[in-house]
Every structure is written in structure tokens, then in C-alpha cells.
Amino acid sequence: MLCYLTGVSRFIGILEVVGKPFQDNSPIWKDEDFPSRLKVKPIIELTPETATPVLELKDRLSFFENLTSPHAWTGQFRGSPTKWKKSDGEAVTEALHEAKANPTVRPVDKRKLKYRPKPIKAKIGSVTIPDTQTDTEMISKSVIKEPTDHVEIQYLLLKLGSDMGFDVWVARNDKGKKYNGKKFSELKRLKQELPLQFDDATNKTIELIDVLWLQGNAIVSAFEIESTTSIYSGLLRMGDLIAMQPNLNIPLYLVAPDARREKVMTEVNRPTFSRLSPPLAEVCSYISFSELRENIEKVASIIRYIKPEFLEEFSETCVLEDA
């Protein structure tokens, strides 16, 4: 078993399984039981400083080939344990033996090393929900400014829902934003708390969705806006939501630039999301930035009489037709 150290993205050791799998709830770790266990013995143990950075092996690992986004490789670690190709395993094993024999010290960010996602109870078991809208291992908000388009579209959706008579919700960590001098927090129907009765994991996922339209305790529509180089954050939130609440019957919308339509369709139909029940493509529709702007302008004079179904007139299904 290859050991990967999350947060700093390094391979840190190899374990050999020396017994059959078993169940045991006796406490070992602080946060969770992790009852599915294996007896192992260490073959190689490195330190965080001498561990092998995954990016140093990108020319030798198959999952770096033909990436659909710069960070798509992280999916190989999200569902561990995962069985890899023999060639990938051999490449990492060789690198770890080399690191053991000839250690190279590389400083690590202590903050990333200390970070531990807190497990939360859900119907499907214990899960983790990232606290921010961006995966801390993939990208840092401190060095990247959010595109103006994203803030504009977020504001337009919030105002549209509010003008239609719905309560609206903006992602928990976006409440302080403003567009053209207009603060999100000044929208009169913006909710400060979500009136939802799901488990903690589902609630924390929903809290991070870009925009929600609400009627009483019910979600009328949910929107994820994707204008950056990767569209994984929104897709993963929607995928998490379906995995935890498969019977949740609400329209989900991915709102993205016109030029990214093909990419949205490709990503929504990846095997990871196609295996959900129901598949993400069946419950998620695409809306382009231009269509949203144009149609909001069209209904400006009668907006309070408009129903949510009008989104269906210019949104597009993500289900791919058979060739």
C-alpha cells in the first residue's frame, strides 16, 4: 500500500499487508473509529520533509496524461484506497526507495501539514466537507483573485431570485462580496441562515453552493457558477449532494461562459458523476452567461410574475445523446 500525505501532496511510505481485513471499533484515532482495518508492516517510512512530491513524478504516472484540467490528477487520491496500474505503482515504489536511500530535504508548509478535515456524520457514513469553496491542496485563494464575471453572475442570480419573490442564499463565505458597488448583504431577501433539516454533512455542502433560491424550507433551484480554469469545485459539491441525498428533487444548474459549454458537458458526464444515482447529468442543466444576461433583460419589466420554470426555456440538459 502506497502512503500519500495530503495537504503537502507527497508520497511518504509503503506498507505491506500481513493479514486479512477485519472490523474493529476499538479507539485508536481521535476523531473517528475507522473500523475497517488491515494488519500491516512498514516497508518504507519517510518524514514529511524527505517524502517524494507527487508532481516530481508527473512524467512517469499515467493519470497525468491527457488531463481535462490542471488539477484533475487529484481525483486519484480522493477515493483511496484505489487500485492503480502496475506501472504507476512501480514508479512510486522506485521513487520511494530512492528517497529512502538518498534523502533530499524539502521544506513543508507547517500549516498545510497540520490541517485535518473534520469528519461529519451523514446517512452514507462519515464524510468530510471542505470549509472553503476551493480545495486547499489545489489552489490558494490568497494568490488568485476571483474573476469579475463570477461575482457579476452571482449577483444577477441573487437579484433575479429576490425580484421573483424567493428568499435567496449566497455561499457562506461569499456574503461580504459586492458587485458594482452593490453589496450582496443589502439584498432584502438574502437569508442569513439556511432553514434546512438535513444532516450536518448535507447542510455544510449546501451552505457552500454559490446561489440558492428558497421558498419556505424548500430549495427551489441551486446554481454553481464556474468561470475559472477548473470546474471541479461546483461539480464536486453537486455530486456530494446527490450522493448524500439521492431523493432530493431540485433543479441544479451549472452556469458557465459560452466558450466552456463543451467542457461542462464533458466533465458532468465523467464516470465519477455518471455512477451516481441518479447520474449528475440527469439532474444538472447548463446555462451560459450570455443566455442568462439576455433573458434577465427580456423579463425585466415582468420579473415579479415569472416562475422558476422560465429557466428551462434557455437552459440545456447535460445528458449526452447517443451517437
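The values are calculated or read from the model by the stated rules, or taken from the named source; none is laboratory data. This structure is a prediction, so every number in the text was calculated from the model and none was measured. Every residue, glycine as well, gets a Cβ built from its backbone with ideal geometry; the counts of neighbours run over all protein chains shown.
Details
- Note on the stretch 27-46: among residues that are modelled with pLDDT of 90 or more and of a type outside the set (A, V, I, L, M, F, W, C), the one that is nearest to the chain's Cα centre (by Cα) is Arg37.
- Residue check for Lys188: of a type in the set (D, E, K, R) and either closer than 16 Å to Val151 by Cα or touching a Leu at 6+ places or on another chain (Cβ under 9 Å) (or both): no
- For the stretch 281-323, the candidate set comprises residues that are among the aromatic types (Phe, Trp, Tyr) and in contact (Cβ under 8 Å) with a residue 24 or more places away in the chain; within that set, the residue that is farthest from Ile209 (Cα to Cα) is Phe314.
- Among the conditions (1) at pLDDT 90 or above; (2) within 17 Å of Gly161 (Cα to Cα), Ala256 misses just one, which is (2).
- Residues in the stretch 105-119 that are farther than 20 Å from Asp200 by Cα and exposed (fewer than 12 other Cβ atoms within 10 Å of the Cβ) were compared, and the one that is modelled with the highest pLDDT is Val105.
- Test for Ser290: is it closer than 23 Å to Leu160 by Cβ, in contact with a Cys (Cβ under 9 Å, 6 or more places away or on another chain) and of a type in the set (Gly, Ala, Ser): no
- Residues being in a loop (DSSP other than H, G, I, E, B) and either of a type in the set (Lys, Arg) or more than 21 Å from the chain's Cα centre (by Cα) (or both) - total across the stretch 278-323: 9
- Look at the stretch 146-165: where a residue is touching a residue at least 60 places away in the same chain (Cβ under 8 Å) and over 16 Å from Glu294 (Cβ atoms) and a partner is in a loop (DSSP other than H, G, I, E, B) and not charged (D, E, K, R), sitting 6+ places away or on another chain with Cβ atoms under 6 Å, you get Pro147/Ser227; His150/Ser227; Met164/Ile306.
- Residue that is surrounded by the fewest Cβ atoms within 10 Å (Cβ to Cβ), among those in the stretch 260-278 that are closer than 20 Å to Leu248 by Cα and without any contact (Cβ under 8 Å) to a residue 40 or more places away in the chain: Ser277
- If you go through the stretch 238-253 and keep only what is closer than 11 Å to Phe223 by Cα and within 14 Å of the chain's Cα centre (by Cα), you end up with just Met238.
- Top-ranked residue of the stretch 197-250 - restricted to ones that are in a loop (DSSP other than H, G, I, E, B) and among the charged types (D, E, K, R), ranked as surrounded by the fewest Cβ atoms within 10 Å (Cβ to Cβ): Asp199
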